[in-house]
Amino acid sequence: MPAAPPAPASCPLAGRLAAVHERIAAATRQAGRAPGSVRLLAVSKTFDADQVRAAHACGQVAFGENYAQEALAKVNALADLRERLEWHFIGPLQSNKTRGVAERFDWVQSVERLSIAQRLDRQRSPTLPRLNVCIQVNIDAEASKSGVAPEQVPELAEQITRLPRLALRGLMALPSPHAVDARDAPRRLRALFDALNASGFALDTLSCGMSGDLEAAILEGATMVRIGTAIFGARETSQ
Ligand SMILES: *Cc1c(COP(=O)(O)O)cnc(C)c1O
């Protein structure tokens, strides 16, 4: 990664965020897509609440977290900013951890089974807006990765749309970093997304692309990229 330009002291992540926004804008232009059609989700897992605060000070609104306990502690620590932040859960979610996520998050992008969706639906307070969800797709059929097989997505999508407290927004995937063609998996994800919409769903979110492959994802139609390392730096542990 190129060195970030100097940032004002009040906003130490400004240079890195600006560089990420520039990458997104360049790929969006290259794809011939409308400026602003790709949202940036800042993945703050393993980084503390002060780092989230710093990114927010540079204008970042949406943050992604992978580990329920860590995430909920951070949401609490940033309670003063709650109305101005949008929290996305993007990690594997166990059934005993759904309640806090249903109560405190705005999105869950990592839904991969009906039982978890049903729990989130039951636990989402009627006083809150519906919980936005994406189905996580195991697009490369990797044994090590979460997500449902592409052929199982339509049935799960159908079931989720019947849950009143959830709003099915789209699909999420983490393509294999070892692909020969980085555009292949995002292209297949996009085809699945288009097929669902052609069959009557109204999905608007294709969440794909990370620090290393955001350009490929945007060229294939991603509407949201999830960026950790390029904003916050390398994570110490590979949890
Ligand atoms: C960690 C993580 C990211 C961010 O990855 P980087 O390579 O650090 O940008 C994106 N999506 C998910 C689901 C993650 O777990």
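The values are calculated or read from the model by the stated rules, or taken from the named source; none is laboratory data. It should be emphasised that the depicted structure is a prediction, and the values quoted were computed from it without experimental measurement. FYI the Cβ positions are ideal-geometry reconstructions off the backbone, even for glycines, and counts take in every protein chain you see.
Data for the structure
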item: Some residue of region 141-160 being under 17 Å from A68 (Cβ atoms) and in contact (Cβ under 8 Å) with a residue 40 or more places away in the chain; result: yes
item: Those residues of region 56-69 which are assigned to a loop (DSSP other than H, G, I, E, B) and either over 20 Å from I227 (Cα atoms) or in contact (Cβ under 8 Å) with a residue 40 or more places away in the chain (or both), in sequence order; result: C58, G59, Q60, N66, Y67
item: Residues satisfying the stated conditions in region 134-166, i.e. charged (D, E, K, R) and modelled with pLDDT under 95; result: D140, E142, K145
item: Looking only at region 96-112, and only at residues there that are surrounded by fewer than 18 Cβ atoms within 10 Å (Cβ to Cβ) and out of contact with any helix residue (DSSP H, G or I) (no Cβ under 6 Å at 6 or more places or on another chain), the one that is farthest from S207 (Cα to Cα); result: N96
item: Qualifying residue in region 178-185 (condition: closer than 17 Å to S37 by Cα, within 14 Å of the ligand (Cβ to nearest atom) and modelled with pLDDT of 95 or more); result: no
item: Among (1) assigned to a helix (DSSP H, G or I); (2) in contact with a helix residue (DSSP H, G or I) (Cβ under 9 Å, 6 or more places away or on another chain); (3) over 23 Å from H21 (Cβ atoms) - the single one L203 does not satisfy; result: (1)
item: Among (1) modelled with pLDDT of 95 or more; (2) surrounded by 15 or more Cβ atoms within 10 Å (Cβ to Cβ), the one test that A195 misses; result: (2)
item: Tally, over region 26-55, of residues that are polar (S, T, N, Q), within 14 Å of the ligand (Cβ to nearest atom) and assigned to a helix (DSSP H, G or I); result: 1
item: A141 being within 16 Å of the ligand (Cβ to nearest atom) and surrounded by fewer than 19 Cβ atoms within 10 Å (Cβ to Cβ); result: no
item: Count of region 208-239 residues which are part of a strand (DSSP E or B) and either more than 8 Å from the ligand (Cβ to nearest atom) or over 21 Å from R33 (Cβ atoms) (or both); result: 2
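Yes/no per residue for (1) closer than 24 Å to N96 by Cβ; (2) surrounded by fewer than 21 Cβ atoms within 10 Å (Cβ to Cβ); (3) touching a Gly at 6+ places or on another chain (Cβ under 6 Å):
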position: R124; (1), (2), (3): yes, no, no
position: P164; (1), (2), (3): yes, yes, no
position: A185; (1), (2), (3): no, no, no
position: F201; (1), (2), (3): no, yes, no
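Yes or no, residue by residue, for (1) of a type outside the set (D, E, K, R); (2) under 19 Å from the mean Cα position of the chain (by Cα):
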| position | (1), (2) |
| --- | --- |
| S146 | yes, yes |
| E151 | no, no |
| R165 | no, no |
| R169 | no, yes |
| L174 | yes, yes |
| H178 | yes, no |
| R187 | no, yes |
| L192 | yes, yes |
| S199 | yes, no |
